[in-house]
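What follows is a single structure, written as structure tokens, with notes after it.
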């Protein structure tokens with residue numbers, strides 16, 4: 001049976017991210033033993049996102065922090081006003097339709113705090129997506 005071809009960029013990007021997480025986890029487990037999967041996922045996702053952002057803008061991104069909330073994206077969105085929250089939500093929706101790279105490119109056209117908020121939400125959403133699909 002032929003290998004399934006991803007439906008769109010998002011599917012392909014998710015697959016690439018899951019492979020990178022698995023490789024990173026394997027390497028770290030060989031080096032230091034058991035590692036926390038969520039932190040590895042966050043690092044890999046952050047790196048993949050930063051690959052599409054010019055270095056001048058990527059230096060403005062904060063590293064997302066783990067939160068005890070079950071839906072950590074709420075805490076990031078709660079810090080924005082309604083208009084900016086809608087911008088971030090729209091970017092996340094576009095990610096599924098157009099792919100991660102295109103959504104990040106569009107996020108770059110906004111103010112830096114929108115890019116930062118999008119990045120934080122994106123890391124959590126992608127981690128949840130990978131978990132839901134059984135990739136991690």
### Task
Report, ordered by the first and then the second residue, all pairs with beta carbons closer than 6 Å, sequence separation of six or more or different chains, a first member in the range 77-105 that is in contact (Cβ under 8 Å) with a residue 40 or more places away in the chain, and a second member that is part of a helix (DSSP H, G or I) and surrounded by 13 or more Cβ atoms within 10 Å (Cβ to Cβ).
77/85; 95/103; 96/10; 99/9; 99/10; 99/13; 100/13; 104/49
### Query
From the list 52, 67, which residue is farther than 21 Å from residue 93 by Cβ, at pLDDT below 85 and outside any helix (DSSP H, G or I)?
67
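Rundown of residues vs (1) over 19 Å from residue 133 (Cβ atoms); (2) modelled with pLDDT of 85 or more; (3) touching a helix residue (DSSP H, G or I) at 6+ places or on another chain (Cβ under 6 Å), yes/no style:
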residue	(1), (2), (3)
3	no, no, no
7	no, no, no
12	no, yes, no
18	no, yes, yes
23	no, yes, no
32	yes, no, no
37	no, no, no
42	no, no, yes
### Summary
Residue hits (the range 76-89; assigned to a helix (DSSP H, G or I) and in contact with a helix residue (DSSP H, G or I) (Cβ under 9 Å, 6 or more places away or on another chain)) are 76, 77, 84, 85, 87, 88, 89
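The values are calculated or read from the model by the stated rules, or taken from the named source; none is laboratory data. Just so we're clear, the structure is a prediction, and the values are computed from it rather than from any experiment. In this analysis, Cβ positions are derived from the backbone assuming ideal geometry, glycine residues included, and neighbour counts consider all displayed protein chains.
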